[in-house]
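The values are calculated or read from the model by the stated rules, or taken from the named source; none is laboratory data. Just so it is clear, the structure is predicted and the values come from calculations on it, not from any experiment. A quick note on method: Cβ atoms are made from the backbone with ideal geometry, for glycine too, and the neighbour counts reach across all protein chains shown. Calculation scope for accessible area: heavy atoms of the full protein, side chains included, ligands and nucleic acids excluded. Shrake-Rupley method; radii C 1.70, N 1.55, O 1.52, S 1.80 Å.
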2 protein chains.
Amino acid sequence: MTTFGETIKQLREEQNLPQRKVAAYLDIDTSLLAKYERNVRQPSKELIIKIAALFKVNSEALISEALTDKIAYQILEEEADSKLLRVAENKVEYLKKQNNG
Amino acid sequence: MTTFGETIKQLREEQNLPQRKVAAYLDIDTSLLAKYERNVRQPSKELIIKIAALFKVNSEALISEALTDKIAYQILEEEADSKLLRVAENKVEYLKKQNNG
DNA sequence: TACATTTGGACAAATATTGACCATATCAAA
DNA sequence: TTTGATATGGTCAATATTTGTCCAAATGTA
């Protein structure tokens, strides 16, 4: 299990690149990249796609990882029970049906 | 399975109260209450507690229902697979351990 | 030490969300 | 069908949240 930040940090280190280089490629400040790597900030979908392209990984997977991060942090923030996510899963299906039928 | 909005609407109708009365008690506009009932707006935690008190239901349960709603809508919004919520659940536990250990 | 890399904090800018207001729609009884 | 009450919808300013920049401080490394 890894977070979005850990993932992109790992990808960067596999290539032996400093934040400076990756940040330059992405056209952002190094301190911002550092924040992404520690999940202090969440990059836009567009930037995630750029990151995926840079490291040649599947962009959808990276987007999903960012989304699961975001939701996990919400649960932590609210100090809620993670089992609520099972309720949420059922609710998604319920709402889908409601929208269609 | 019910959404937060459906729940509070149901509670209101069980008491045969018009939105006008409930909104007055909560000190909000009726159109705002109508939006809560259709999940067009999300009430603050403070207001949820007021609502729980009014209908004499457990406020934590109502807060949880609002949270699962919010997450479910996020998944729908992103057109993501609801199974991602299982990943998120694991991630919560992972992050908890990371914060402690 | 000197230099590169990474992190932290404060704050303005950009985004997103909410609530108020008012018009319109729906409904029920007379 | 009119009347009056109830509920919904749309717009927009106010509020709240999130982001990105800037710069300082810390960490690492030769």
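Tabulated data
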{"quantity": "Vicinal HN-Hα couplings computed from phi for region B:65-82 (Karplus, 6.51 cos²θ - 1.76 cosθ + 1.60; Hz; Gly/Pro x)", "calculated": "5, 5, 5, 5, 4, 4, 5, 4, 5, 4, 4, 4, 4, 7, 6, 8, 6, 5"}
{"quantity": "Estimated [θ] at 222 nm from DSSP helical runs (n ≥ 4, -39500 (n - 2.57)) normalised by residues in chain B, nearest 500", "calculated": "-23500 deg cm²/dmol"}
{"quantity": "Semi-axis lengths (Å, descending) of the ellipsoid that matches the C-alpha gyration tensor of the protein assembly as shown", "calculated": "39, 16, 16"}
{"quantity": "Label spacing, shortest first and in nm, from residue A:96 to its equivalents in the remaining copies (7 angstrom along Cα→Cβ)", "calculated": "2.7"}
{"quantity": "Amide proton proximity set for residue B:39, modelled H, under 5 Å, gap of 5+", "calculated": "B:5"}
{"quantity": "Peptide A:55-67, shielding by other chains (average Cβ, 10 Å cutoff)", "calculated": "2"}
{"quantity": "Residue-wise HN-Hα coupling along region B:18-32, computed from phi with Karplus coefficients 6.51, -1.76, 1.60 (Hz; x: Gly, Pro)", "calculated": "x, 3, 3, 5, 5, 4, 4, 4, 7, 6, 9, 5, 5, 5, 6"}
{"quantity": "log10 of Debye I(q)/I(0), alpha-carbon scatterers only, for region A:4-100 at 0.13, 0.15, 0.16, 0.20 Å⁻¹", "calculated": "-0.55, -0.67, -0.74, -0.96"}
{"quantity": "Over region B:48-101, equivalent-ellipsoid semi-axes from the Cα gyration tensor in Å", "calculated": "27, 18, 7"}
{"quantity": "Cβ neighbours within 10 Å from other chains - mean over A:1-7", "calculated": "2"}
{"quantity": "Helix axis angle, A:84-100 relative to chain A longest principal axis, alpha carbon, degrees", "calculated": "70"}
{"quantity": "Hz values of 3J(HN,Hα) by residue in region B:39-52 - Karplus curve (6.51, -1.76, 1.60), Gly and Pro given as x", "calculated": "6, 8, 10, 10, x, 5, 4, 4, 5, 4, 5, 4, 4, 4"}
{"quantity": "Carbon plus sulfur fraction of accessible area for chain A, probe 1.4 Å, in percent", "calculated": "47"}
